[in-house]
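To start, the structure under review is shown below, and the notes come after it.
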Amino acid sequence: MSFEHYIRSGSKLLRCGYTTGSCAALAALAAARTLLTGASVETSAIVTPKGLPVEVDIVDCVRSPRSVSCAVRKDGGDDCDATDGALIYAEVSLCDHGIVIDGGTGVGRVTKKGLDQPVGAAAINRVPRQMIASSLSALCVETGYTGGLSVIISVPGGEELAKHTFNGSLGITGGISILGTSGIVEPQSLQALVDSIGVELNVAAAEGCRDIILTPGNYGETFLETLPGAGRVPHVKCSNFFGDALDFAAVHQFSRVLVVAHMGKLVKLAGGIMNTHSRFADCRAELFAVHAALCGGSQELIETLMNAATSDACVELLRDAGLWAPVLQRLLVKIQEHLDHRVRGAFFVGAVAFSNQYGLLGITGPGQDILNQWRTEP
C-alpha cells in the first residue's frame, strides 16, 4: 500500500512519506486492536498531526495471550534516508493502567541533557509519543477496555542504521530515534527545495508583499504564533537555506525581512554559516564556547560546552554559570553582522532566536525595530 501524497517543488512533483513516529503509532494501534478485539488486522490507519491520513499494511503480526506485536515498514517517499524501508515494531501488552511507552531493541537511549526526552529515556520524541497515546486511548474507549497498555517500540537493525545518522554525536546510543513533528516526511531534494523557496518568495512579492518572515520549518511556524507583531506578516519556510532565501528576498526587492529560528540553527549564522544543514557545517558548540571564553568562562565550562549535545544544553550550562546574558548579546551582534553582510543593504533585516525549552531567547536590535514597526503600523 503506497502513500500517495505529493508536494510541488519547483517544476517537480515529489512523493511524501511518513515518519518513524507515524510508523510506531500505526504499528501500536494495529497491535492494540488485535490484542483487545481478537480480530486479525491487515491494515492500520491514523490521521497525522499534519492532518493527512495514512493507511499502511501490517507486517509480521505475532500474538500471545497477553501481548501482540506488529510491524510497519517505513516509507520515506522521495526523501529516502537511512531508515527508509526499516521495519518499526510495536509490542503491546496489558497492564494495570495508563499508556506506558518505551523503546526496545534498535531504539536509542538518551545519554545527554537538552534532547527532546530526558536522560535515560528511549529516544521516542514527544509528538510520536502523543500519537501513540491518543490512538490507543481512543481505541480503549471504542472497545470499552478500562485497563492500561504497555507499548515497546523496536527496530531490528536499528543500532546499525544509527551509524548513518547523527545520533552518536547527539548523545543517543544503541539505535535510531523515533521522530516526527507532522507525521509526514516532505522530500528535500536540495536544488528543488531551494527553487521552491524562490517560487514562494516570488509569489509573495507578486501579491504585493513588502515584508516577509523566514523560518526553517515547523518549530518556527509554531513559535510565530506567540510573537507579537508577526501575526499578519506572511512567512516562508527556508529549511536550512538561509543564504539562498535572503538572496531571493533581495531579488524580489522586499523591504523588511525577519529571520525567526531555533537557536540551534541561528547560532550557526553567528559564524557566517548560511546553509545550516549539519552535512555542510555545524560549529554550534564551538560558537557557544568561544563566546563564553570571551565572556570569562572557565576552561571547565568551555570543555563542557564543546561536549554538549544540543543548543538547549549549551543555554542551560551558560545560565548555570551566570554567563548566558553576555554570551547571548555577543551572539546576537554577530548574527546581525553576518545577516547585514549577506544582504548588503538590499533590505532591512533582523533576527529572533527561540528555544523549545526556554521560549524566546533574544532579538537583534534591527529585529526588534522591525517588530515594533509591524505592531504600530495599520
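The values are calculated or read from the model by the stated rules, or taken from the named source; none is laboratory data. All figures in this text were calculated on a predicted structure; none of them were measured in a lab. Using ideal geometry, Cβ is built from the backbone for each residue, glycine included, and neighbour counts are taken over all protein chains shown.
Somewhere in the stretch 106-119, is a residue under 18 Å from SER67 (Cα atoms), surrounded by fewer than 22 Cβ atoms within 10 Å (Cβ to Cβ) and without any contact (Cβ under 8 Å) to a residue 40 or more places away in the chain? Among the residues of the stretch 106-119, not one is under 18 Å from SER67 (Cα atoms), surrounded by fewer than 22 Cβ atoms within 10 Å (Cβ to Cβ) and without any contact (Cβ under 8 Å) to a residue 40 or more places away in the chain, which makes the answer no. Tell me, yes or no, whether the stretch 221-243 has at least one residue that is outside any helix (DSSP H, G or I), more than 23 Å from the chain's Cα centre (by Cα), surrounded by fewer than 21 Cβ atoms within 10 Å (Cβ to Cβ) and of a type in the set (S, T, N, Q). No, the stretch 221-243 contains no residue that is outside any helix (DSSP H, G or I), more than 23 Å from the chain's Cα centre (by Cα), surrounded by fewer than 21 Cβ atoms within 10 Å (Cβ to Cβ) and of a type in the set (S, T, N, Q).
Name the residue, out of PHE254, PHE354, PHE280, PHE288, that is in a helix (DSSP H, G or I) and outside the structural domain of PHE166 (by TED's automatic domain parsing). Full working, then the answer.
Values: PHE254 fails: in a helix (DSSP H, G or I); PHE354 fails: in a helix (DSSP H, G or I); PHE280 fails: in a helix (DSSP H, G or I).
The unique qualifying residue is PHE288.
Tallying residues that are farther than 17 Å from GLY21 by Cα and either at pLDDT 95 or above or touching a Phe, Trp or Tyr at 6+ places or on another chain (Cβ under 6 Å) (or both) within the stretch 119-136 yields 1. Applying the set (1) in contact with a helix residue (DSSP H, G or I) (Cβ under 7 Å, 6 or more places away or on another chain); (2) closer than 20 Å to GLY157 by Cβ; (3) buried (at least 18 other Cβ atoms within 10 Å of the Cβ) to CYS61 leaves exactly one unmet item: (3). When the stretch 208-220 is limited to residues that are under 19 Å from ALA245 (Cβ atoms) and among the small types (Gly, Ala, Ser), the one that is surrounded by the fewest Cβ atoms within 10 Å (Cβ to Cβ) turns out to be GLY217. Screening the candidates GLY103, GLY108, GLY157 for the property of being at pLDDT 95 or above, out of contact with any Asp or Glu (no Cβ under 9 Å at 6 or more places or on another chain) and either within 22 Å of ASN356 (Cβ to Cβ) or among the β-branched types (Val, Ile, Thr) (or both) yields one hit, GLY103.
The residue of the stretch 300-330 that is nearest to PHE354 (Cα to Cα), among those that are surrounded by 18 or more Cβ atoms within 10 Å (Cβ to Cβ) and of a type in the set (Gly, Ala, Ser), is SER311. Here ARG129 passes the criteria (1) touching a helix residue (DSSP H, G or I) at 6+ places or on another chain (Cβ under 6 Å); (2) among the basic types (Lys, Arg); (3) surrounded by 20 or more Cβ atoms within 10 Å (Cβ to Cβ) except the one numbered (1).
Against the definition (loosely packed, with under 15 Cβ neighbours inside 10 Å and within 21 Å of GLU142 (Cα to Cα)), how does ALA45 come out, yes or no? Here the answer is yes, as ALA45 does meet what is asked.
When the residues of the stretch 340-358 are filtered to those that are of a type in the set (A, V, I, L, M, F, W, C) and crowded, with 22+ Cβ neighbours inside 10 Å, which remaining residue is farthest from LEU246 (Cα to Cα)? Can you show your working first?
Keep residues of the stretch 340-358 that are of a type in the set (A, V, I, L, M, F, W, C), which gives 343, 346-349, 351-354.
Retained after the next criterion (residues that are crowded, with 22+ Cβ neighbours inside 10 Å): 349, 351-354.
Working: VAL349: 9, ALA351: 12, VAL352: 15, ALA353: 17, PHE354: 20 Å.
It comes out as PHE354.
Would it be correct to say that GLU200 is closer than 30 Å to GLU4 by Cβ and either modelled with pLDDT of 90 or more or assigned to a helix (DSSP H, G or I) (or both)?
Values: closer than 30 Å to GLU4 by Cβ: yes; either modelled with pLDDT of 90 or more or assigned to a helix (DSSP H, G or I) (or both): yes.
Criteria met by GLU200.
Being touching a residue at least 24 places away in the same chain (Cβ under 8 Å) and outside the structural domain of THR111 (by TED's automatic domain parsing) is a description that applies to VAL199.
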